[in-house]
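What follows is calculated from the coordinates using simple rules that are stated; it is not laboratory data. This structure is a prediction, so every number in the text was calculated from the model and none was measured. Note that we place each Cβ from the backbone using ideal geometry, even for glycine, and neighbour counts take in every protein chain shown.
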Amino acid sequence: MVSVVQNVAIDCADAYELARFWSRVTGRPLHPEDGPGSRETQVQLTAEGPVLYFNQVPEPKAVKNRIHLCLRPETSRDQEVDRLLELGATFVADHREPDGSGWAVLADPEGNEFCVLRSASDRAAVNP
């Protein structure tokens, strides 16, 4: 027997607004019943797969995430970093290497860290 991941839960101060950010990041829709003021909001990542589940809580984020999302963009990593910064992310740390390897660490509007990895095209350019 095995367990299936149902969702990835993210505590936050404003569930709907943070879900809107992640909806724009992933290009995936919010749950149709969610709207402004919703204390619980979901972003459906795939038709059958797990969802990002945003749960409004009273306490603020206090320390570094113990679990985080890693994104593999369809465009280049650097183009995606620029796009996410325009959406409201903040730059946390740069682990990109001169040879093209590595990743960038960003944070969503509530300070939750996530990584942007190399895209398939970035990887192919280095490892033909």
**Request:** Specify which residue in the list Tyr16, Ala47, Pro98 is farthest towards the positive end of the charge dipole of the chain, using unit charges on the beta carbon of Lys, Arg (+1) and Asp, Glu (-1), about the Cα centre.
**Result:** Pro98
**Message:** Using alpha carbons only, how many angstrom separate the centre of segment 73-101 from the centre of segment 1-70?
**Reply:** 21 Å
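Antiparallel DSSP bridges in the chain: what percent, to the nearest 5?
On the way: 14 of 23 bridges.
Beta bridges within the chain, antiparallel portion: roughly 60 percent.
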**Prompt:** Where in segment 94-122 is the amide nitrogen less than 16 Å from a point lying 7 Å along the Cα-to-Cβ axis of Ile67?
**Reply:** 112-115
**Item:** Value at 222 nm in deg cm²/dmol, rounded to 500, when DSSP H runs of n ≥ 4 in the chain each add -39,500 (n - 2.57)
**Value:** -7000 deg cm²/dmol
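Rounded to the nearest 0.05, what FRET efficiency is calculated for Thr75 and Thr46 with R0 set to 25 Å and r the Cβ-Cβ distance?
Numbers: r = 20 Å, r/R0 = 0.80.
Between Thr75 and Thr46 the formula returns 0.80.
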**Item:** Crossing angle, helix 77-87 versus the chain [Cα axis fit, 0-90 degrees, rounded to tens]
**Value:** 30 degrees
**Item:** Cα→Cβ-extended label distance, 7 Å offset, between Glu110 and Val92, nm
**Value:** 1.4 nm
**Fill in**
Burial-style ranking of 92-103, 77-88, average other-beta-carbon count within 10 Å with highest first, yields 77-88, 92-103
**Prompt:** What is the Å³ per residue value for the convex hull set by the Cα atoms of segment 60-128?
**Reply:** 82 Å³
**Globularity index of the chain, i.e. its alpha-carbon radius of gyration over 2.2 N^0.38 Å** = 1.12
**Message:** I want the local charge near Gly111. Using Cβ-Cβ distances under 13 Å, sum +1 for each Lys or Arg and -1 for each Asp or Glu among the other residues.
**Reply:** -4
**Request:** Please get the size of the charge dipole for the chain, origin at its Cα centre, with Cβ charges of +1 on Lys and Arg and -1 on Asp and Glu, quoted in debye to the nearest 20.
**Result:** 240 debye
